[in-house]
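See structure below.
The values are calculated or read from the model by the stated rules, or taken from the named source; none is laboratory data. All values derive from a computational prediction rather than experimental measurement. Ideal geometry is used to build each Cβ from the backbone, glycine not excepted, and the neighbour counts take in all protein chains shown. Note: areas computed on protein heavy atoms with side chains; ligands, DNA, RNA excluded. Shrake-Rupley method; radii C 1.70, N 1.55, O 1.52, S 1.80 Å.
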Amino acid sequence: MTSLQRQKIAFALLFLANLLVIVPVGLIVFIIIQKGWPAMTWQFITDIPRQGMRAGGIFPAIVGTIYLVSGAIVFALPVGLLAAIYLSEYAKDNLLTRIIKLAIVNLAGVPSVVYGLFGLVLFVSFCKFGASILSGSLTLGIMILPIIITASREALESVPHVFREVSLSLGASKWQTIRHIVLPNAIPGIITGTILGIGRAAGETAPILFTVAAFYLPRLPSSVFDQVMALPYHLYVISTQVPNVDPKITYGTALVLLILVLFVNLIAIIIRARFRKKKKW
Amino acid sequence: MVKIDIQRLNIWFGAAQALKNITMQVKKNEILCAIGPSNSGKTSFLRMLNRLNDLTLSFRMSGSVLLDGRDITKIDIELIRKKIGMVFAMPSPLPLSVFDNVAYGVRMSGVRNKHSLEEAVETALKQAYLWQEMKDRLHESAFKLSGGQQQRLCIARTLAVQPEVILFDEPCSGLDPISTAKVEEAMLKLKKDYTIILVTNNVKQAARVGDRTAFFLTGELIELDQTEKIFTAPSDRRTDDYIRGRFG
Amino acid sequence: MRKIKEFIIEKLIFFCGLASIFFVILIFLFLLKEGLSLLTIVGPFEFLAGKSWYPISEPPQLGILPLILGSLFVTIGAAIISVPIGIACAVYIAEIAPAKIKEVLKAGIELLAAIPSVVLGFIGMMTLVPWVKNLFDIPTGLTAFSGSIMLAFMAMPTIVSIAEDALYSVPKSYKEGALALGATHWQTIYRVILPAASSGIVAAVMLGIGRVIGETMAVMMITGNAAAIPKSILQPVRTLTATIAAEMGETVVGSEHYFALFAIGIVLFVISFAINVTSDFFLHKDQRV
């Protein structure tokens with residue numbers, strides 16, 4: 001066999017490996033859309049679950065997920081952004097900085113169910129927030145912190161260094177330089193990172209299992225100390241814990257969750273692409 | 001009259017010494033040119049004066065630099081940068097409109113009043129001979145200007161904060177001959193109100209605009225004298241070699 | 001006035017900069033606080049190597065060996081499937097694919113990364129599990145094998161994207177040098193580019209495995225959750241993560257069972273910490289030289 005023939009075979013196998021990944025992804029999305037679409041009625045989206053979650057809609061779960069994600073962002077965005085500013089603008093090349101970077105990597109790697117345990121002891125028990133939107137949001141917020149820090153830091157560091165020098169040379173202070181020159185030019189990247197964090201938070205189940213999620217709660221929460229239903233947990237519940245649920249409803253729930261997460265990711269991709277075209281330097 | 005007095009200045013970046021034992025004075029209202037091959041330390045010298053070297057983490061110095069008799073490392077860093085302005089090598093407008101570029105430094109020093117800002121911008125643009133071209137384009141992005149216009153905009157931006165000394169770091173390195181001539185013309189007119197230090201790779205430019213010229217080589221100040229003397233009868237042979245293009 | 005404001009802001013920035021360290025330590029401390037109480041009931045050896053997990057019997061038997069083996073079976077299975085395929089994908093995307101196909105493949109893998117694990121678990125239950133049951137003609141398709149396939153799939157985005165970055169960071173001159181010497185593109189890839197990117201690829205594999213060990217929902221939904229020592233990969237198993245997720249809701253706060261679940265949390269935290277620190281070392285190895 002010549003080396004060119006060998007190359008042909010090797011490349012064909014490598015291509016095949018990609019098909020092994022891509023085809024199932026396509027199939028999964030296709031199956032969910034095909035089987036979930038018939039459930040997608042206005043009533044399904046806006047009604048409460050009925051008959052022990054075997055009929056009706058998923059409105060409380062959608063609302064719950066939106067609350068949880070908003071809460072997570074309210075906490076994680078300011079902390080994450082300031083942490084990113086520290087790393088990109090203030091941190092020196094020393095041991096502390098290395099430890100911070102390692103901590104971020106580790107925070108990103110902690111299993112999601114361990115976040116759940118942590119949220120349970122710290123927020124639910126120790127801070128006495130109970131199983132509540134507040135506990136769940138804070139837990140999710142800490143979980144998406146590394147995503148926001150990493151994306152924002154990249155965005156900040158991509159602002160050309162000369163802009164900072166120019167601003168400082170005109171007598172602006174360091175903070176003025178960050179506030180008026182660095183931040184405005186990093187905003188698209190920061191938004192993209194935040195949206196990716198939203199997508200992640202919306203789809204996670206394990207961190208909210210013990211901190212907020214309600215098995216069945218067919219009304220909307222009235223304060224941050226209330227429990228809520230959440231889409232991913234609801235999907236878990238009706239597909240494993242409740243017998244004899246019409247597959248149309250489970251697939252429909254999966255489809256709503258999938259659309260929500262993919263829509264959020266799509267927005268991030270569009271912002272990123274638009275910004276690349278418009279980039280001024 | 002001495003504007004800047006530099007005594008036994010040494011600069012290091014990590015282990016590498018960028019400037020070695022420099023002692024010199026800059027006089028008020030002169031154009032002092034610094035020439036020398038790359039890595040001769042002339043840019044580190046310039047960035048020392050408005051303390052931009054402080055941004056580099058490995059930077060260390062010894063000796064003293066006095067502005068009007070006061071040690072620049074003991075004056076508030078933002079004040080020193082207002083008093084000693086800088087024009088960078090490549091035209092480097094901020095990603096803002098023409099107006100906002102010129103108004104930037106003024107705004108940062110706390111001026112909010114719209115009328116004062118407009119006045120400051122107009123004055124600065126006039127001083128940089130850019131007002132006629134810019135008065136109808138004030139709200140366009142600065143990136144839409146030509147290279148020469150951008151560089152004069154950067155000069156206007158520096159003038160707007162009313163500095164006493166202006167540092168030019170190879171300001172014409174990216175420009176065509178006509179734009180270069182305009183920038184040089186601006187510099188010559190500015191010297192009656194400002195003290196100017198010009199770092200340039202272009203020896204002829206030093207000959208055209210410099211009152212005095214300093215020659216740097218590998219971190220040392222080889223010679224500082226009247227420009228005419230440097231170019232006709234330098235006292236050090238290395239200066240002569242450099243000017244005649246034998247190295248660098 | 002402005003100076004004071006800026007001083008406060010800069011202090012705030014510094015404290016937020018430290019937030020990640022703070023949270024990592026906080027997570028560890030709170031896990032220890034609850035989990036270490038277990039040591040007063042069972043010794044560490046008894047806990048890690050005990051063969052039975054019957055947390056609600058009287059007295060409870062709290063040995064997590066079956067759970068460790070469950071995680072191990074699923075993880076090894078997933079690694080065997082995902083490592084070769086993942087690296088192959090990365091090589092194809094980074095080195096061979098024409099621009100258009102590359103865009104499609106990358107978008108597909110990003111799409112996979114975005115799908116929530118509970119959705120993948122659900123789809124696995126509906127499609128993969130019956131398929132495995134019929135294929136091997138076994139009583140249930142909820143097995144370690146199903147879990148391995150699903151997790152291999154879920155580790156793919158991590159492995160592919162990090163390995164791809166490692167391949168891109170190989171200097172162009174290496175490749176051009178090899179091609180100039182008359183090597184074919186494929187010879188260049190496996191003799192020059194793959195070895196040069198090896199430490200990044202090791203990191204990619206480790207982080208992929210980290211993802212697999214930490215994965216909770218999908219694995220809980222399709223591995224059958226039997227807390228017994230598995231003898232074959234075609235049996236139901238229960239992983240460390242699934243145990244916490246499935247049982248925490250039913251424990252009494254302060255009970256032995258509750259402490260034991262936190263102790264499992266410590267084990268998971270330590271594993272993920274070790275994996276991340278080591279892979280970080282591999283990722284930055286070349287930069288330090």
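Considering the conditions (1) more than 10 Å from chain C (Cβ to nearest Cβ); (2) assigned to a helix (DSSP H, G or I); (3) over 17 Å from the mean Cα position of the chain (by Cα), residue A:271 is excluded by exactly one of them, (3).
Of C:123, C:81, C:64, C:87, all but one fail to be among the hydrophobic types (A, V, I, L, M, F, W, C), without any contact (Cβ under 8 Å) to a residue 60 or more places away in the chain and closer than 27 Å to residue C:143 by Cβ; the exception is C:123.
The residue of segment A:1-39 that is farthest from residue C:122 (Cα to Cα), among those that are more than 7 Å from chain C (Cβ to nearest Cβ), over 24 Å from the mean Cα position of the chain (by Cα) and surrounded by 16 or more Cβ atoms within 10 Å (Cβ to Cβ), is A:39. Considering only residues of segment C:107-132 that are touching a helix residue (DSSP H, G or I) at 6+ places or on another chain (Cβ under 9 Å) and more than 10 Å from every other protein chain (Cβ to nearest Cβ), which is least open to solvent (accessible area, probe 1.4 Å)? For segment C:107-132, the residue satisfying everything is C:132.
Mind checking which residues of segment C:243-289 are more than 22 Å from the chain's Cα centre (by Cα), part of a helix (DSSP H, G or I) and among the hydroxyl-bearing types (Ser, Thr, Tyr)? Passing the criteria: only C:258. The set of residues in segment B:101-110 being open to solvent by less than 60 Å² (accessible area, probe 1.4 Å) and part of a helix (DSSP H, G or I) consists of B:101, B:102, B:103, B:104, B:105, B:106, B:108. Within segment B:63-84, being open to solvent by less than 40 Å² (accessible area, probe 1.4 Å) and either closer than 15 Å to residue B:26 by Cα or out of contact with any helix residue (DSSP H, G or I) (no Cβ under 9 Å at 6 or more places or on another chain) (or both) holds for B:64, B:65, B:67, B:71, B:72, B:84. Say whether the condition of being surrounded by fewer than 17 Cβ atoms within 10 Å (Cβ to Cβ) and without any contact (Cβ under 8 Å) to a residue 24 or more places away in the chain is met by at least one residue in segment A:66-75. Within segment A:66-75, one or more residues are surrounded by fewer than 17 Cβ atoms within 10 Å (Cβ to Cβ) and without any contact (Cβ under 8 Å) to a residue 24 or more places away in the chain. The residues in segment A:186-209 that are in contact (Cβ under 8 Å) with a residue 40 or more places away in the chain, among the hydrophobic types (A, V, I, L, M, F, W, C) and open to solvent by less than 20 Å² (accessible area, probe 1.4 Å) can be counted, and the count is 5. Of all residues in segment C:152-183, those being in contact with a Ser or Thr (Cβ under 7 Å, 6 or more places away or on another chain) and either among the small types (Gly, Ala, Ser) or crowded, with 17+ Cβ neighbours inside 10 Å (or both) number 7. Taking the listed residues C:39, C:18, C:29, C:72, the one that is at the interface with another protein chain (Cβ under 10 Å from one of its Cβ atoms), aliphatic (A, V, I, L, M) and open to solvent by 80 Å² or more (accessible area, probe 1.4 Å) is C:29, with no other qualifying.
Filtering A:113, A:159, A:166, A:124 for residues that are at the interface with chain C (Cβ under 8 Å from one of its Cβ atoms) and either under 21 Å from residue C:35 (Cβ atoms) or open to solvent by less than 30 Å² (accessible area, probe 1.4 Å) (or both) leaves a single hit, A:113. Inspect all residues belonging to segment B:141-151 and state whether any of them is of a type in the set (D, E, K, R) and at pLDDT 90 or above. The answer is yes, given that some residue of segment B:141-151 is of a type in the set (D, E, K, R) and at pLDDT 90 or above. Pull up segment C:51-85, narrow it to residues that are small (Gly, Ala, Ser) and in contact with a Pro (Cβ under 9 Å, 6 or more places away or on another chain), then point me to the one that is nearest to residue C:243 (Cα to Cα). Ranking the qualifying residues of segment C:51-85, first place goes to C:70. Answer yes or no: is there a residue in segment A:238-248 that is out of contact with any helix residue (DSSP H, G or I) (no Cβ under 6 Å at 6 or more places or on another chain) and on the phi > 0 side of the Ramachandran plot. Yes, that holds for at least one residue. Filtering C:56, C:109 for residues that are in a loop (DSSP other than H, G, I, E, B), assigned by TED's automatic domain parsing to the domain that holds residue C:207 and among the β-branched types (Val, Ile, Thr) leaves a single hit, C:56. Residues in segment B:31-53 that are open to solvent by 60 Å² or more (accessible area, probe 1.4 Å) and in contact with a helix residue (DSSP H, G or I) (Cβ under 7 Å, 6 or more places away or on another chain): none.
When segment A:95-110 is limited to residues that are surrounded by fewer than 19 Cβ atoms within 10 Å (Cβ to Cβ) and β-branched (Val, Ile, Thr), the one that is farthest from the other protein chains (Cβ to nearest Cβ) turns out to be A:97. Of all residues in segment C:208-242, those satisfying the criterion of being open to solvent by less than 30 Å² (accessible area, probe 1.4 Å), under 26 Å from residue C:90 (Cα atoms), within 8 Å of chain A (Cβ to nearest Cβ) and outside any loop (DSSP other than H, G, I, E, B) are C:210, C:214.
Criterion applied to A:212, A:264, A:245 was being within 24 Å of residue C:120 (Cβ to Cβ), of a type outside the set (Asp, Glu) and modelled with pLDDT of 90 or more, and the one residue passing it is A:264.
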